[in-house]
1. Which pairs have Cβ atoms under 7 Å, sit 6 or more apart or on different chains, and link a residue in the stretch A:1-25 that is of a type in the set (F, W, Y) to one that is surrounded by 13 or more Cβ atoms within 10 Å (Cβ to Cβ)?
2. Could you say whether any residue in the stretch B:29-48 is over 22 Å from the mean Cα position of the chain (by Cα), part of a helix (DSSP H, G or I) and either within 14 Å of chain A (Cβ to nearest Cβ) or in contact (Cβ under 8 Å) with a residue 60 or more places away in the chain (or both)?
3. Would you tally the residues in the stretch B:2-13 being assigned to a helix (DSSP H, G or I) and open to solvent by 10 Å² or more (accessible area, probe 1.4 Å)?
4. Identify the single condition in (1) within 12 Å of another protein chain (Cβ to nearest Cβ); (2) at positive phi that B:H168 does not satisfy, given that it satisfies every other one.
5. Anything in the stretch B:61-83 that is charged (D, E, K, R), free of Cβ contacts under 8 Å to residues at least 12 places away in the same chain and assigned to a helix (DSSP H, G or I)? List them, or say none.
6. Restricting attention to the stretch A:11-22, which residues are in contact with a helix residue (DSSP H, G or I) (Cβ under 6 Å, 6 or more places away or on another chain) and open to solvent by less than 20 Å² (accessible area, probe 1.4 Å)?
7. Output yes when any residue across the stretch B:72-95 is open to solvent by 60 Å² or more (accessible area, probe 1.4 Å) and at pLDDT below 80, and no when none is.
8. I'm trying to understand the selection: among the residues of the stretch B:49-60, which are within 21 Å of A:A57 (Cα to Cα), within 11 Å of another protein chain (Cβ to nearest Cβ) and either buried (at least 18 other Cβ atoms within 10 Å of the Cβ) or touching a residue at least 60 places away in the same chain (Cβ under 8 Å) (or both)?
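The values are calculated or read from the model by the stated rules, or taken from the named source; none is laboratory data. The structure displayed is predicted, hence computed values, not measured ones. Here Cβ is always computed from backbone atoms with ideal geometry, including for glycine, and neighbour counts include all displayed protein chains. In case anyone asks, the SASA skips ligands and DNA or RNA and just uses the protein heavy atoms, side chains included. Shrake-Rupley method; radii C 1.70, N 1.55, O 1.52, S 1.80 Å.
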Amino acid sequence: MLSCRDVHDLASAHIDRELPWRRRMAVRLHLAMCKHCRRLMRQLRATVAVLGRVKDADPPVSPEREAALVELFKRERP
Amino acid sequence: MSPPPPLPDDATLVAALRAGDDAAFVRVVRAYDATLRRLARGYVGEALVDEVVQDTWIGVLRGLATFEARAAFRTWVCRILINRARTLAVRSARMVPMSSLGPEGAGDGGDAAGEGDRDAPAAGPPAPWSEEDPARLAAHQELLAFVEQALTELPERQRLVVTLRDLHDWSAEDVCNALDLTESNQRVLLHRGRLRVRAMLEQHLAASRVP
């Protein structure tokens, strides 16, 4: 039986589906019984989801910057 | 913004760059410029980001002739950026964030042995957030900006691993190669970085309700 401490340490590996089947089932069993760990897992999943959206807000490379870098490429290319 | 189209395989890409193909270089810039700028911001203030990234592109172009494909092209580019950023940060005596100061990797969890490692104990049961639905949270630009700022407060290696894995979808293997990490260290750094961001989100969401 896993402790809350164990589940805390395994949370990212669980989210990333990196745990072996038996370990994964043990985490799920613990989560079924522990509301604190369920909340931690839910919040960590949300954290990963938000992190995954951060780059969507990146502006595209501006035409001016692209043009400047192409000039650099023409100057420095092998 | 739609993501740029995937780049060709490394051999094709490098051959095109060596042949002086402007269009191939533009595709590389579109694919990696934002990643490089974000990584640079972890080392230097905004005013020096352009310089670090410009130096990196120069390093890439000058190194193309001798690039031997021992690593993936993007991990090679990333390593050039990190070297340039560290050098400039030291030269300007202005490491940002302050948490990056001190011996490299100190206290970031990356030296832990893996399975037997214990993370720092949590302060207690996690407090509920005003909103925990990932899709609704991710829809808030203000929250995305908060998370971007939170990343700059992580220790260097945690920040790099979380940025490359969770923001830019790099594989664990590529991150290990780019940062010279073992698989177990990479896993610990990713987990600790995520936990820190979660803790910062907890404080933020307790203080300001997401509508």
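1. none
2. Checked against the condition, which is being over 22 Å from the mean Cα position of the chain (by Cα), part of a helix (DSSP H, G or I) and either within 14 Å of chain A (Cβ to nearest Cβ) or in contact (Cβ under 8 Å) with a residue 60 or more places away in the chain (or both), the stretch B:29-48 yields no hits at all.
3. Here the count works out to 3.
4. (2)
5. Correct list: B:R62 only.
6. Scanning the stretch A:11-22 gives A:A11, A:S12, A:H14.
7. Yes, there is a match, as at least one residue in the stretch B:72-95 is open to solvent by 60 Å² or more (accessible area, probe 1.4 Å) and at pLDDT below 80.
8. Scanning the stretch B:49-60 gives a single hit, B:V53.
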